[in-house]
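K.L.:
Let me begin by handing over the structure; questions about it come next.
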Amino acid sequence: MATPVKMTARRVALFDALVALILDEGFAHLTLDDLAARLHCSKSTLYRLADSKEQLVRAATVHFFRGATEKVEASVAGAVDARDRIRRYLEAVGEQLRPASVQFMEDLAAEPASREVYQRNTRFAARRVQELITDGVAAGELRDAHAAFVGDIAAAAMVRIQQRQVASSTGLDDAAAYEELAILLTRGL
């Protein structure tokens with residue numbers, strides 16, 4: 001296993017470029033040679049980031065979701081009430097997923113290590129939505145809904161989005177599905 005590396009500006013730039021590449025094209029078809037050529041670096045540079053292509057893609061997926069989470073949370077900061085916080089949160093999740101191509105999402109669903117990263121982030125986002133609902137009900141800003149139930153329903157929808165079931169059954173991509181979930185929750189609460 002690779003030893004943890006300090007995230008220098010060059011490494012951050014490499015991960016940013018890798019994230020942009022795999023979001024656009026997916027990753028299953030790319031070899032380490034392809035990645036090195038496309039990122040204008042050597043394979044040894046990539047091996048300093050991770051021990052294998054699978055670990056490199058997983059690390060890039062973590063990098064992507066870490067940045068996305070920061071942007072999503074920042075979007076909530078200026079919200080005026082609970083409905084606005086929930087709407088902003090879910091719409092920001094959708095916006096962060098918008099650059100992800102269908103191929104990336106399919107590759108992500110098929111590759112266990114990277115899929116686990118998406119699953120973990122989905123669980124975190126579901127807990128965060130449930131927390132926003134609970135806070136809104138407690139503050140009297142949302143109708144007296146059973147916050148745990150509504151949060152659980154939101155979590156189930158988010159898992160179905162993450163598992164590609166919503167895309168399969170509705171044709172909505174993940175970004176659009178999160179926007180629809182935001183409308184459903186904020187207008188229903």
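K.L.:
Given 0.36 nm per residue, what is the gain on full extension from residue 31 to residue 74 after removing their alpha carbon distance, in nm?
P.N.:
Details: separation 43, 0.36 × 43 = 15.48 nm, distance 3.52 nm.
Here the answer is 12.0 nm.
K.L.:
In whole Å and largest first, what semi-axes does the C-alpha gyration tensor of the chain yield when each eigenvalue is scaled by 5 and square-rooted?
P.N.:
34, 17, 13
K.L.:
Once you have the Cα-Cα distance between residue 16 and residue 183, take 0.36 nm times their residue separation minus that, and quote the gain in nm to one decimal.
P.N.:
Stretched fully, the residue 16-residue 183 segment lengthens by 57.0 nm.
K.L.:
I'd like to verify something in the chain: which complete DSSP H helices, judged by Cα projection on the helix axis, reach 20 Å or more and average at least -1.0 on the Kyte-Doolittle scale? If you can, show how the numbers build up before the last one.
P.N.:
On the way: long enough: 9-25 (24 Å, 1.09); 53-76 (35 Å, -0.13); 82-97 (23 Å, -0.86); 112-138 (38 Å, -0.67); 147-162 (22 Å, 1.31); 174-188 (21 Å, 0.38).
Counting only whole DSSP H runs, the qualifying helices are 9-25, 53-76, 82-97, 112-138, 147-162, 174-188.
K.L.:
Per residue, how much accessible area does the range 8-146 have with a 1.4 Å probe, in Å²? If you can, show how the numbers build up before the last one.
P.N.:
Numbers: 6760 Å² over 139 residues.
Per-residue value: 49 Å².
K.L.:
Percent of accessible area on the range 102-164 owned by carbon and sulfur, 1.4 Å probe?
P.N.:
Accessible surface attributable to carbon and sulfur in the range 102-164 totals 55 percent.
K.L.:
Right, something else. For the range 80-189, what size does the Cα cloud have along each of its three principal axes, sorted from largest down, in whole Å?
P.N.:
Sorted largest first, the three principal extents are 43, 23, 21 Å.
The values are calculated or read from the model by the stated rules, or taken from the named source; none is laboratory data. The structure presented is a predicted model; accordingly, all values stated were derived computationally and were not measured. Ligands, DNA and RNA are stripped out before the accessible areas are found, and what is left, the full protein with its side chains, is counted by its heavy atoms. Shrake-Rupley method; radii C 1.70, N 1.55, O 1.52, S 1.80 Å.
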